[in-house]
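The values are calculated or read from the model by the stated rules, or taken from the named source; none is laboratory data. Keep in mind the model is a prediction, meaning the values are calculated, not measured. For neighbour counting, all protein chains shown are included, and Cβ atoms are generated from backbone atoms with ideal geometry for every residue, glycine included.
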C-alpha cells in the first residue's frame, strides 16, 4: 500500500512539474529552448520505450523504428496541412496508420528467425524513406513545411505518462511474462503452447503505434518534416538510447533517452560530427556495458527508505 501511494505521489509530482513548466514557458519566464529540449526528451522516451517492447522484452532485434515514426509524422502532417483537420484527430490517425504498417511488416517478418527481422525492418525503413522522397504531394525530397505548432509539453508528457502506465501494466501481465518466456527460449515457449507469432506481432504493432504517435508529436513540434530525418541514422540514434539505458527496463528507456538527448543537444555546435557520436556511443556501450545502465532492472520506489533507491532486478 505504501509503495502504491509513493507511486501516485511521483506521478502527481511529475504532472505538476510539467504543468508548471508549461505555464512558465507560455508566460516567457522559462526559455523556449528549454521547453523545446524537454519536449524532445519526452518524444525520445516514447520512441525508446516502444522499441524496448520488441528489442528488450521480446528479445528480437528491429532496427527500422524511424520508418514507423515517418509514417506517423507524414500522416499527421497531411491531415493538418492538406486537409486542415484538428491535431487531436491527426494524432490518433498517425498512431493507427503506423500500427497498421507494423502489422503489414510483421506478418512476413515473423515467419523468419534470428537476425532476419533486423534486415526486414531496415529494408522497410529504407523503402518508406524512398517512397516519401518520390511523392511530390508531400514535398518530396524538399519535405513538408507549414505544420502547425500543435505539440507542447502537455501533449508530449501526457502521451509519455499514458504510455508508461500501459507498458508497465502490460509487462507485468500475462502478456509480459509470455514475451519474456519467448525471449528466454522461443522453442520451449512454442512447445508449451504459447502462440509465439501472435504475441510477437502484438508487441510489434504496439511498438509501431507509439512510434507513429511520437512522429506526429515531433513533426508538429519542429513544424517541418523531411525524408532525411527518418533514415537509418535516426533508427541508430533510438537504438543507442535503448542500449544506453538498458533493454528490458522501462526505467532504462527513460534514463537512456534523457541522457543521450541532452548530450546530443549540448553538442549541436559540432555540426555533422554530432551525428557520428550516436553510432560511436552505441559501439562503446556494446563493448564496455552490454546491458546498459539498467539492463533488465527497474528503478522502484518500493522500500525507498530501506534500500535507498537500490535497483530491483526485473523478474524473468
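Run down 120, 171 and say which single residue is within 20 Å of the chain's Cα centre (by Cα), surrounded by 13 or more Cβ atoms within 10 Å (Cβ to Cβ) and within 16 Å of residue 211 (Cβ to Cβ).
Details: 171 fails: within 16 Å of residue 211 (Cβ to Cβ).
After ruling out the rest, the residue left standing is 120.
Name the one entry in 122, 89 that is part of a helix (DSSP H, G or I) and farther than 30 Å from residue 244 by Cβ. The unique qualifying residue is 89. Inspect all residues belonging to the range 163-173 and state whether any of them is modelled with pLDDT of 95 or more, within 30 Å of residue 82 (Cα to Cα), touching a helix residue (DSSP H, G or I) at 6+ places or on another chain (Cβ under 9 Å) and not in a loop (DSSP other than H, G, I, E, B). Scanning the range 163-173 turns up at least one residue that is modelled with pLDDT of 95 or more, within 30 Å of residue 82 (Cα to Cα), touching a helix residue (DSSP H, G or I) at 6+ places or on another chain (Cβ under 9 Å) and not in a loop (DSSP other than H, G, I, E, B).
Answer yes if at least one residue in the range 190-213 is touching a strand residue (DSSP E or B) at 6+ places or on another chain (Cβ under 9 Å) and either over 21 Å from residue 87 (Cα atoms) or buried (at least 19 other Cβ atoms within 10 Å of the Cβ) (or both), and no otherwise. Lay out the reasoning, then the answer.
First, the residues of the range 190-213 that are touching a strand residue (DSSP E or B) at 6+ places or on another chain (Cβ under 9 Å): none.
Scanning the range 190-213, I find no residue that is touching a strand residue (DSSP E or B) at 6+ places or on another chain (Cβ under 9 Å) and either over 21 Å from residue 87 (Cα atoms) or buried (at least 19 other Cβ atoms within 10 Å of the Cβ) (or both), so the answer is no.
Within the span defined as the range 16-37, every residue fails to be at negative phi, modelled with pLDDT of 95 or more, buried (at least 20 other Cβ atoms within 10 Å of the Cβ) and part of a helix (DSSP H, G or I).
Annotation: residue 103 fulfils all but one of (1) in a helix (DSSP H, G or I); (2) within 30 Å of residue 135 (Cβ to Cβ); (3) out of contact with any helix residue (DSSP H, G or I) (no Cβ under 6 Å at 6 or more places or on another chain); the unmet one is (3). Among the residues of the range 223-246, is any under 22 Å from residue 298 (Cβ atoms) and touching a strand residue (DSSP E or B) at 6+ places or on another chain (Cβ under 9 Å)? Yes, the conditions are met somewhere in the range 223-246. If you go through the range 139-162 and pick out every residue that is part of a helix (DSSP H, G or I) and crowded, with 19+ Cβ neighbours inside 10 Å, you end up with 6. The residue list 248, 252 contains one member that is assigned to a loop (DSSP other than H, G, I, E, B) and under 21 Å from residue 175 (Cβ atoms), which is 248.
Look at residue 40 and say whether it is closer than 20 Å to residue 138 by Cα, surrounded by fewer than 24 Cβ atoms within 10 Å (Cβ to Cβ) and either touching a helix residue (DSSP H, G or I) at 6+ places or on another chain (Cβ under 6 Å) or modelled with pLDDT of 95 or more (or both). Walk me through it before giving the result.
Details: closer than 20 Å to residue 138 by Cα: no; surrounded by fewer than 24 Cβ atoms within 10 Å (Cβ to Cβ): yes; either touching a helix residue (DSSP H, G or I) at 6+ places or on another chain (Cβ under 6 Å) or modelled with pLDDT of 95 or more (or both): yes.
Against the criterion (closer than 20 Å to residue 138 by Cα, surrounded by fewer than 24 Cβ atoms within 10 Å (Cβ to Cβ) and either touching a helix residue (DSSP H, G or I) at 6+ places or on another chain (Cβ under 6 Å) or modelled with pLDDT of 95 or more (or both)), residue 40 does not qualify.
Has the range 64-71 got at least one residue that is under 18 Å from the mean Cα position of the chain (by Cα) and within 19 Å of residue 157 (Cβ to Cβ)? Quick ask: steps written out before the conclusion?
As a first pass, look at the range 64-71 and keep what is under 18 Å from the mean Cα position of the chain (by Cα): 64-71.
Restricting the remaining residues to those that are within 19 Å of residue 157 (Cβ to Cβ) gives 69.
Yes, the range 64-71 contains at least one residue that is under 18 Å from the mean Cα position of the chain (by Cα) and within 19 Å of residue 157 (Cβ to Cβ).
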